[in-house]
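Worksheet: one structure, shown below.
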Amino acid sequence: MSASNNNTPQQLNERRWFIKRLGQVIGATGAAALATTAGVSSALAYTPRPDSAAKDGAVLTKEQLITLRDVCATVLPKTDTPSAADVDCHGFIDHQLSQCHSVDEQQLVVDILEAIEAQSEQVHNKPFSALTHAQQTQLLVDLEALNGFVASQKVQFKFLKQLLIFGYFTSEIGATQALVYQAVPGGYKGSIPATPSTRSWGSLNYY
Amino acid sequence: MQLNDIFITDTREEYDVIIVGSGVTGGWAAKEFTERGFKTLMIERGRKVEHRKDYPTEGKGPWEFPERTKVNNLLIEQQYKQQSRSYAFNDTTKHFFGNDRDLPYSTAEGTDFNWIRGNQLGGKSLTWHRQSYRMSEFDFNANKADGHGNDWPIRYTDLKPWYSYVEQHAGISGNRDGLPQLPDSESLPPFEMNSVEKEIQRQFAQIYPDRPMVIGRCAHLSVPTEYHMQHGRVMCQARDECQKGCSFGAYFSTQSSTLPFAAATGNLSIAVDSIVHSLIYDEATNRVRGVRVIDDNDLSTREYFAKVVFMCASTLGTTQIMLNSTSKAFPNGIANSSGVLGHYLMDHCYNAGAGGFVEGYEDEYTSGRRPTGIYVPNFQYEPSRYKKHYVRGYALGGGASRGDWRGKAHGDGIGADFKTSLTRLGSWYFGLYAQGEMLPRFENQVSLHPTKKDKWGMPQLHFNVSWSENERLMMEDCAQECEGMLKKIGVQNINSFVSTDHNPPGSAIHELGTARMGRDKKESVLNGYNQCHDIPNLFVTDGASYCSSATVNPSLTFMALTVRAVDYCAKEMQQRRI
Ligand SMILES: Cc1cc2nc3c(=O)[nH]c(=O)nc-3n(C[C@H](O)[C@H](O)[C@H](O)COP(=O)(O)OP(=O)(O)OC[C@H]3O[C@@H](n4cnc5c(N)ncnc54)[C@H](O)[C@@H]3O)c2cc1C
């Protein structure tokens with residue numbers, strides 16, 4: 001795969017992530033400073049629950065959690081492995097926002113969830129949760145394509161989506177079933193065969 | 001021998017040797033003295049950490065941490081503001097980092113300093129990145145050759161046998177590359193390069209004959225020797241989660257490598273939770289007699305006595321204690337008749353680099369997490385090779401790897417196909433990262449704050465350190481060079497960066513130079529054996545003793561300096577000259 005085209009913001013972000021990873025290879029301290037932590041909040045330690053959307057969370061209301069649950073199930077649906085909602089990514093996101101993110105970042109998520117609801121009402125006259133899976137998917141595809149949404153909302157969504165993906169692949173099911181987890185590799189091999197269906201390692205040195 | 005038997009608190013015994021600190025250097029000093037039969041007391045400000053038993057996060061998956069290895073931002077704000085700037089700081093390692101609330105420091109207006117610490121038995125030997133390289137004859141000659149800093153009183157040949165000695169014990173993996181600018185270690189087999197790296201190595205060799213690319217050398221048992229295995233250390237499993245502690249004993253730490261040998265002699269005592277406040281100095285004999293200690297828990301004070309004191313509290317820890325040890329003879333810090341104690345503080349400058357995507361190799365992946373990268377040793381290692389507009393040079397670290405969900409998370413996509421694509425391998429990426437030399441400058445100083453104290457009543461350190469124009473120019477040049485090198489070998493979509501304004505000194509965690517060696521006692525604190533010019537029974541063997549930073553990671557050299565100093569000191573003691 002060639003990556004020689006122009007630099008979209010996503011490519012720049014991906015590249016920034018690679019540079020951070022490079023810093024980790026040589027032990028460069030400043031590299032981690034790319035991930036900012038501003039603002040303060042506190043809540044109790046989090047363990048995944050089957051019913052996170054049943055009541056208000058630490059940051060999100062019950063209604064917002066229901067929207068988020070269905071966003072999770074839409075972005076990373078059930079395939080041969082469970083969906084992001086099945087592993088309680090929505091509960092995790094609420095928890096993580098309360099523990100590790102600023103009030104401003106928490107608000108990004110609240111805003112985009114409300115924008116998704118508003119768009120759902122406007123287009124379908126129904127809450128996001130009442131849409132068919134295909135309609136939910138289309139709505140989020142539209143969000144990323146800026147159909148009915150503006151660029152600043154896409155930025156908000158990308159922030160949420162990253163948290164969602166992080167939550168999924170650091171969950172036990174995500175790391176060990178969707179990916180391949182090697183707790184004790186037993187040594188390093190510089191070259192092993194790979195095909196387009198080879199899954200990447202879920203066991204990482206830094207997350 | 002049970003480790004528990006050797007921990008002491010109050011004692012009236014006069015030891016042969018006190019060692020302040022239990023990290024990389026303190027562990028070595030303890031091993032060497034105890035094996036020579038000296039009754040030795042190691043003093044550590046932090047808590048006891050026992051090998052295997054006290055690695056609570058080892059082997060745990062990310063899902064076992066409530067914030068999935070990230071750290072609660074309230075905790076960061078209140079206790080880990082500086083420590084959290086380290087790439088290695090996270091929820092799985094934070095118990096091995098210093099606490100910024102308890103250990104505050106200040107910086108001069110308009111300056112900044114990252115002081116990353118590890119205050120426990122084992123010090124930063126538990127959390128280090130284990131990159132291990134010898135300094136070369138060019139490095140020891142650098143100050144003399146271009147006139148920056150004072151001349152090292154030692155040369156490569158003085159240290160060479162001691163490098164071999166520590167390498168065989170510690171276990172350093174690496175290739176024997178035969179380069180004058182990066183002398184070979186007595187190494188264990190190297191880690192393998194992946195195919196992309198091998199190809200780039202081949203291309204660099206053709207295009208840049210002066211810039212050989214080698215595999216990173218690191219303190220890991222790639223293939224342990226019989227000796228290592230007899231002592232309970234086994235092969236590196238390539239987990240690369242070393243900073244949580246390693247029950248395989250596969251990387252060098254005090255716990256895995258030096259402490260067990262010292263403990264086995266029966267000559268070692270350890271006082272933990274004991275903050276050394278100052279040295280006890282006897283003016284009549286011009287000798288140090290021991291140390292004053294504040295108890296970490298109840299703030300009570302006590303004293304320990306010995307014939308000789310080795311300062312191994314890390315460059316800045318040692319400097320703080322020495323500056324805080326004043327007397328009529330030494331009003332500005334012990335053994336500081338030269339006035340240079342606290343000056344010439346150096347780090348390395350890791351503030352430039354470039355990377356980009358490599359086409360092809362889609363049918364290859366890697367297995368295991370290699371605990372090292374690739375390395376291009378400094379190619380501007382003597383004045384004839386310097387660039388015109390600045391002096392000295394930089395090494396390059398880096399490596400090639402395939403992308404995964406962490407990078408792909410930024411892309412567009414919703415639904416099953418997107419989910420599948422996140423689980424699949426991304427393109428290969430290759431990058432280079434600067435490891436630049438920092439010049440020794442008198443202005444770069446750490447001192448005691450005139451009024452601020454920590455909770456134990458120790459004066460806080462106050463930093464006045466900045467990058468000089470030389471480091472800035474070097475980083476700009478490095479970014480351009482890296483970009484050029486990557487272009488030449490066909491790397492795509494290259495991004496280069498300079499972060500000198502973003503990452504202050506201290507960020508490479510290689511503090512050096514504040515009690516430098518030298519031949520002239522008017523301009524240095526230590527002689528060529530790490531012995532204070534002013535006080536013969538006081539030694540400093542950590543990074544404070546450095547005259548120039550060179551470009552290589554320093555800890556292997558700290559080890560060699562320490563064992564050489566112990567050998568010298570032991571002989572002097574036997575001859576009754578100390
Ligand atoms: C994340 C990270 C990555 C690194 N990567 C590398 C690398 O790849 N290669 C490399 O060469 N180096 C690396 N380093 C640096 C390396 O860890 C240090 O150079 C090395 O540990 C210094 O050894 P030391 O004995 O001088 O100090 P330390 O290992 O820090 O030990 C000093 C000990 O003294 C104790 N102490 C301090 N003050 C007092 C006091 N007043 N009283 C009593 N005890 C005291 C401390 O608590 C500590 O335990 C890295 C460091 C970190 C944190």
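None of the figures in this text is laboratory data; all of them are computed from the coordinates on show. What you are looking at is a predicted structure, and each value in this text was computed from that prediction instead of being measured. Methodologically, a virtual Cβ is constructed for each residue, glycine included, from the backbone with ideal geometry; neighbour enumeration extends over all protein chains shown.
Taking the longest Cα principal axis of chain A as reference, the axis of helix A:151-169 is set at about 60 degrees. Dividing the convex hull volume of the alpha-carbon atoms in region A:48-171 by its residue count gives 96 Å³ per residue. Placing +1 on each Lys and Arg Cβ and -1 on each Asp and Glu Cβ, with no other charges, gives region A:48-171 a dipole about its Cα centre of roughly 160 debye.
What net charge is computed for the residues neighbouring B:Ala515, neighbours being all others with C-beta under 13 Å from the C-beta of B:Ala515, Lys and Arg scored +1, Asp and Glu -1? Net charge around B:Ala515: -2.
Counting other beta carbons within 10 Å of each residue's own, what order do A:Glu63, B:Glu481 fall into, fewest first?
Details: A:Glu63 15, B:Glu481 22.
Fewest-to-most ranking of A:Glu63, B:Glu481: A:Glu63, B:Glu481.
Note on chain A: GNM, Cα springs under 10 Å; of A:Ala53, A:Ala85, A:Ala134, the largest mean-square fluctuation is that of A:Ala134. Mean silhouette area of region B:419-484, derived from the convex hull of its C-alpha atoms and averaged over all directions, reads 9.9 nm². Each of A:Ser102, B:Ser507 was scored by other Cβ atoms within 10 Å of its Cβ. Listed from fewest to most, they are A:Ser102, B:Ser507.
Taking 45 Å as R0, compute the FRET efficiency from the Cβ-Cβ separation of B:Asp295 and B:Asp210 and round it to 0.05. Intermediate values should be presented prior to the final figure.
Details: r = 55 Å, r/R0 = 1.23.
Once rounded, the FRET efficiency stands at 0.25.
Given +1 at the Cβ of Lys and Arg, -1 at the Cβ of Asp and Glu and no other charges, the dipole of the protein assembly as shown around its Cα centre is 1240 debye to the nearest 20.
Taking every alpha-carbon pair under 8 Å whose residues sit at least 6 apart, region A:48-171 reaches a relative contact order of 26 percent. Both the radius of gyration and Dmax for chain B are 23.4, 81 Å, in that order, over alpha-carbon atoms. Below 13 angstrom from the Cβ of B:Glu35, what's the summed charge of the other residues (Lys, Arg +1; Asp, Glu -1)? For residues surrounding B:Glu35, the net value is 0.
The long axis of helix B:24-35 is offset from the longest Cα principal axis of chain B by roughly 50 degrees.
Here the extension length gained between B:Thr285 and B:Asp146 equals 46.0 nm, from 0.36 nm per residue of separation less the Cα-Cα distance. A Förster radius of 56 Å combined with the Cβ-Cβ distance from B:Thr9 to B:Gln201 puts the calculated FRET efficiency at roughly 0.55.
Where the alpha-carbon atoms of region B:113-168 are placed on the principal axes, they occupy 38, 35, 17 Å, in descending order. Using the Cβ-Cβ distance between B:Arg155 and B:His502 with R0 set to 30 Å, the FRET efficiency works out to roughly 0.25. The alpha carbons of region B:31-99 occupy a box of 49, 26, 18 Å along the principal axes, longest dimension given first.
With Cβ to Cβ distances under 15 Å as the rule, what net charge do the other residues near B:Ala108 carry (K, R +1; D, E -1)? Intermediate values should be presented prior to the final figure.
Working: positive: B:Arg441, B:Lys452; negative: B:Glu109, B:Asp112, B:Glu443.
So the environment of B:Ala108 carries a net charge of -1.
Taking the charge dipole of region B:310-409 about its Cα centre, with +1 at Lys and Arg Cβ atoms and -1 at Asp and Glu Cβ atoms, the residue from B:Pro383, B:Leu316, B:Ser338 reaching farthest to the positive side is B:Ser338. Provide, for q = 0.13, 0.19 Å⁻¹, the log10 of I(q)/I(0) from a solvent-free Debye sum over equal Cα point scatterers in chain A. One equal scatterer on each Cα of chain A leads to -0.85, -1.57. Here region B:344-380 is scanned for amide nitrogen atoms under 14 Å from the site 7 Å beyond the Cα of B:Leu473 along Cα-to-Cβ, giving none. On a per residue basis, the convex hull of the C-alpha atoms belonging to the protein assembly as shown measures out at 153 Å³. Listed by Cβ neighbour count within 10 Å, with the fewest neighbours leading, B:Arg577, B:Arg36, A:Arg49 appear as B:Arg577, A:Arg49, B:Arg36.
Excluding same-chain residues fewer than 8 positions from B:Lys144, which lysines have a Cα within less than 24 Å of its Cα? Partners found: B:Lys160, B:Lys387, B:Lys388, B:Lys521, B:Lys522. Take the Cα radius of gyration of region A:115-180 and divide it by 2.2 N^0.38 Å, N being the number of residues; the result is 1.30. A straight line joining the Cα centroids of region A:129-200 and region B:528-578 runs 53 Å.
Taking label positions 7 Å along the Cα-Cβ direction at both A:Val141 and B:Asp567, the computed distance is 7.2 nm, reported to one decimal. Between B:Trp128, B:Ala88, B:Asn72, the Cα set farthest toward the positive side of the dipole of region B:47-128 (charges on each charged residue's Cβ, about the Cα centre) is that of B:Trp128. Pairs of C-alpha atoms in region B:427-578 farther apart than 21 Å represent 60 percent of all such pairs. Ranking A:Val71, B:Asn150, B:Pro62 by Cα position along the charge dipole of the protein assembly as shown, where only Lys, Arg, Asp and Glu carry charges on their C-beta atoms, puts B:Asn150 farthest toward the positive end.
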